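Asker: Just passing along the structure, written as structure tokens.
The values are calculated or read from the model by the stated rules, or taken from the named source; none is laboratory data. Model, not experiment: these values are computed from the prediction. For neighbour counting, all protein chains shown are included, and Cβ atoms are generated from backbone atoms with ideal geometry for every residue, glycine included.
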Amino acid sequence: MTEDFYKEHLILIVDDNATNLAVITDYLAEQGFKMMIARNGEICLKRAQIAKPSLILLDVMMPGIDGFETCRRLKADESTKDIPVIFMTALNDVEDKVKGFQMGGVDYITKPIQHEEVFARVKTHLRIQVQANQLSEQNLRLQEMTTVLEKLNADKDKFFSIVAHDLKGPFMPLLGNLELLAEMIELYSLAETKTMLQSVYRSAKNVFSLLENLLQWARLQQGRMEYQPSKLDLQKIAGQTVQLLSANAVNKKIVLSNAVPSGVFVQADENMLDMVIRNLTNNALKFTPVGGQVTIESGVWGAGIEKPPNPQPQTPDPTFFVELTVSDTGVGISEQDAAKLFKLEVHHSTIGTAKEQGTGLGLLICKEMVEKSGGQIWVESQLGKGTKVKFTIPLDKATAADSLVALTTKGHSALSSSVPLEEFVVPPLSAMAMLFELSKEGDLRAIEEQAMHLRQLDERYAPFADRIAQLAKGFEEDEITILLERCITNTTANGEINE
């Protein structure tokens with residue numbers, strides 16, 4: 001043990017004899033220990049509760065409550081029961097020593113006190129106490145890990161039993177139709193044969209889709225799918241999905257559109273981001289009836305102003321996130337079913353509006369991939385009115401300012417405002433971007449609340465916040481939009497990006 005080790009420990013010495021206290025205290029202090037004294041049992045109990053010493057040297061023969069009773073009370077108190085107590089006494093009877101151990105003492109030092117003996121026994125019991133604490137902490141961690149692992153294994157067992165059932169399901173019509181074709185093909189007309197083959201194809205496609213999702217999920221779990229982020233054009237990635245799934249949309253007479261503006265760049269793994277958008281869009285098409293709409297759109301998620309249902313994971317870089325939404329005018333999801341999504345232990349799969357089969361794995365894979373990029377994913381839905389699946393992606397740091405301008409100025413003409421921008425000290429870009437999104441939604445009450453928040457955040461923002469609040473109270477959301485558009489453009493043009 002080193003002197004640094006001794007400095008970490010506080011020793012409480014309890015003795016009514018001032019000379020004994022001084023001698024022992026001075027000696028142990030010279031070894032590097034932190035010292036505390038008490039002249040009787042009552043003071044010892046109070047100081048032990050407050051200071052939580054590493055060890056107590058306790059005299060047996062004291063006025064008031066003696067050392068044995070003091071030790072008994074220490075061991076009866078939850079906050080002090082684990083502090084080792086070494087008795088100091090002139091009593092040599094075996095009966096007295098046994099009583100001390102029964103009261104909870106860990107050792108005895110016989111008076112007259114020998115410095116070397118005190119030091120040796122203190123070191124020994126401190127070492128034992130430290131090791132005991134380490135073992136206790138390790139046992140606690142092991143118990144926590146065991147609980148987590150048991151739950152994970154139980155969830156996976158349930159998950160794989162469901163997957164096994166789902167794998168078996170599509171094979172029944174597949175094998176049945178093939179058996180009928182093999183035995184009775186000459187009895188079927190060309191149209192009937194074609195119908196049966198189409199059923200066989202659908203079943204085989206469902207099995208392949210399930211196996212493909214299983215393999216992707218397994219690769220993610222095993223860490224074999226490497227996350228390789230790069231600067232990506234979000235509009236281009238979304239456009240690839242629209243192009244790929246356009247035939248599906250045409251077949252159901254669904255309007256599939258990409259509303260992501262140009263000039264928005266994110267930091268993500270291209271394959272993963274493409275897979276997430278494709279999976280979510282495919283789901284939206286599946287649950288949207290003939291003549292409906294599916295849209296891929298984007299908005300700003302501002303750091304520190306508004307938050308999705310669960311807090312955005314804290315990432316040091318980049319500061320800004322884009323919120324991508326795949327929305328549809330489909331059948332929607334009930335509140336009970338929405339709670340089952342993204343959970344490994346709960347399998348949830350439903351039939352699409354054109355009898356399309358689902359594997360139930362797609363959203364799990366999307367969640368894993370979104371979280372790898374530091375984002376999160378959630379669902380907003382109303383039964384019978386459609387669904388919005390949203391997830392966040394980090395904006396590319398180097399081009400974040402331009403991306404924010406692209407996100408906040410989409411679809412708006414560059415109108416002028418009579419308010420001179422020189423009157424304002426504007427808040428951080430993320431705050432203005434959030435206000436801009438609220439103005440487009442027409443949420444004037446939320447705009448007032450955010451303006452009040454900015455005013456409290458920094459008095460320099462007061463003129464800006466007051467102007468925004470004034471326009472909100474006057475129901476002038478267009479003026480708010482114009483003012484914010486000018487402030488954002490002016491800030492990015494001057495390179496004044498406050499984070």
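Asker: Counting only residues that are part of a loop (DSSP other than H, G, I, E, B) and touching a Gly at 6+ places or on another chain (Cβ under 9 Å), which one in the stretch 48-62 is surrounded by the most Cβ atoms within 10 Å (Cβ to Cβ)?
Answerer: So the residue we want is V60.
Asker: May I pose another question? When you check E78 against the structure, is it in a helix (DSSP H, G or I) and assigned by TED's automatic domain parsing to the domain that holds A22, yes or no?
Answerer: For E78, the condition - in a helix (DSSP H, G or I) and assigned by TED's automatic domain parsing to the domain that holds A22 - is not met.
Asker: Hey, does the stretch 236-256 have a residue that's touching a Ser or Thr at 6+ places or on another chain (Cβ under 9 Å), modelled with pLDDT of 90 or more, outside any loop (DSSP other than H, G, I, E, B) and crowded, with 16+ Cβ neighbours inside 10 Å?
Answerer: The answer is yes; a qualifying residue exists.
Asker: I need every pair where a residue in the stretch 60-72 that is aromatic (F, W, Y) has its Cβ under 9 Å from the Cβ of a residue that is part of a helix (DSSP H, G or I) and crowded, with 21+ Cβ neighbours inside 10 Å, sequence separation at least 6 or different chains.
Answerer: Filtered contacts from the stretch 60-72: F68/G100.
Asker: Here is a check on your reading of the model: is E476 modelled with pLDDT of 85 or more, of a type in the set (D, E, K, R), within 22 Å of G299 (Cα to Cα) and outside the structural domain of E323 (by TED's automatic domain parsing)?
Answerer: In short, no.
Asker: Among the residues of the stretch 17-47, which ones are among the β-branched types (V, I, T) and loosely packed, with under 14 Cβ neighbours inside 10 Å?
Answerer: Correct list: T19 only.
Asker: Sticking with this structure for a sec: If I ask for residues that are modelled with pLDDT of 75 or more and either small (G, A, S) or under 22 Å from the mean Cα position of the chain (by Cα) (or both), which ones from the stretch 152-176 would you list?
Answerer: Result: N153, G176.
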